1. Over segment 33-117, with every protein chain in place, what whole percent of the accessible area is carbon and sulfur at 1.4 Å, could you tell me?
2. Glu53 accessible area, nearest 10 Å², 1.4 Å probe?
3. For labels at Ala174 and Trp267 in the simple 7 Å Cα→Cβ model, what's the distance in nm?
4. When the chain is fully extended, how far beyond the present Cα-Cα distance does Thr213 get from Gln325, taking 0.36 nm per residue of separation?
5. Which of the peptides 131-142, 386-397 is most tightly packed, and how do the rest follow, going by the mean number of other Cβ atoms within 10 Å of each residue?
6. Carbon and sulfur atoms: what percent of the 1.4 Å accessible area of segment 146-220 do they account for?
7. With just the Cα atoms defining each centre, how far is segment 216-279 from segment 59-100? Give it in Å.
Amino acid sequence: MNTAVTGAGTAPAETAPAGARAGRPRTPSSPAAGPRTGWHRLTVAEVRRLTEEAVAVTLDVPDGLRAAFAHRPGRHVVVRHRRAGVELRRCYSVCPPPDDPDAFRLVIKRGGPDGFGAYATTALAPGECLEVSPPTGAFALPDLPGAHHVLVAGGSGVTPLAAMAAAVLREDPACRVSLVHAVPTAATALLADELTDLKDRYVDRFTALHVLTREHRGSDLLSGRVDAPKLRRLLTALDALPAPGTAYALCGPPGLVATARRALTEWGADPASVRCEPFTPGATPHDAPPVAVAPPAAGPAGPAEETRITAVLGGRRGTVPVRPQDQVILDALLRARPDVPYACRDGVCGSCRAKVLSGEVALGRQYALDPQDLAAGYTLVCRARPRTAEVTLDFDA
């Protein structure tokens, strides 16, 4: 997954065709998200071309940072890149190759013509350094020994799912994994060779179907857009319709993820068994209608003269006023705490997730928080405005 954004007050965000962090049911067994602050310079060890528009970048993690950069399938990092005075941030899933699960590898697509993806796919070379945040995120397969894990990916949404598939097949000899991967053409299918090798290694337990949305494969089932009827046919062929012991993980554009999630619940899947990670802001998912961003609420004597945001981050507490020019809470926080985690600024990646400890906020359109997150009091500071004169947020929660 990857998504991009420019720094506050700079040029518009790069358009990115790959993933960011988003809403997913959590279970008590889900690992903690891990550290979320700090930047570290990691040396590029290898750049390997995957397709005409994508490369796999392996980074060297020194011994002193191995604990900070310990990862498990589904986590992501933010890469910070400066170019012509503009800061770009982009999220990428950690996607080690199946035969080297400890490797720290990112899959990077080109994206827009002037962003980090364009640089990485044309000029990035071994020996260069990238500024990278520690891995974080809660997207993960459930701990269900012997389960049938059904993965639905769109485009580069396959990167976290491929890592998940390799890990669970390796660690649980009783499980099965089925993958549906929708891609425009065969030439753009990321990690196709590695998935084939995985199939050869686990021939009785892993199946992958590639559906080409802009190229005909000689089969109507494996060609064209993946809508609900086609998904049902694909899952039927994989013996992967909702049933006890079947769990789902979805990663791709919001439209595909929303369609698959809605269809699976209509077909009887327990919503808690369907874990999702949309990427790339676009059309709002049908199950996540937009929410208007409201101005700060008026108190008994009219609008508050000064709204203040208190944030807990990395164990440190600080307070900053909200200025009239601040569009969202993130703008105010960055003046005092440039280490506040964020990436996409579009409510997709979830990097800026924080818990509201006191006060109230109004949350705009977003894709990263699920109903459980919202009920627990979490918000995204890139899409939130204060509704009370005092708001306290905890990024460490």
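The values are calculated or read from the model by the stated rules, or taken from the named source; none is laboratory data. All values derive from a computational prediction rather than experimental measurement. Cβ atoms come from the backbone with ideal geometry, glycine included; neighbour counts cover every protein chain shown. For accessibility, only protein heavy atoms count, side chains too; no ligands or nucleic acids. Shrake-Rupley method; radii C 1.70, N 1.55, O 1.52, S 1.80 Å.
1. Its accessible area is 47 percent carbon and sulfur atoms.
2. We get 80 Å² for Glu53.
3. 2.5
4. So the chain would gain 36.0 nm between Thr213 and Gln325.
5. 131-142, 386-397
6. About 49 percent, which is the carbon plus sulfur part of the accessible surface.
7. Centre-to-centre (Cα) distance: 29 Å.
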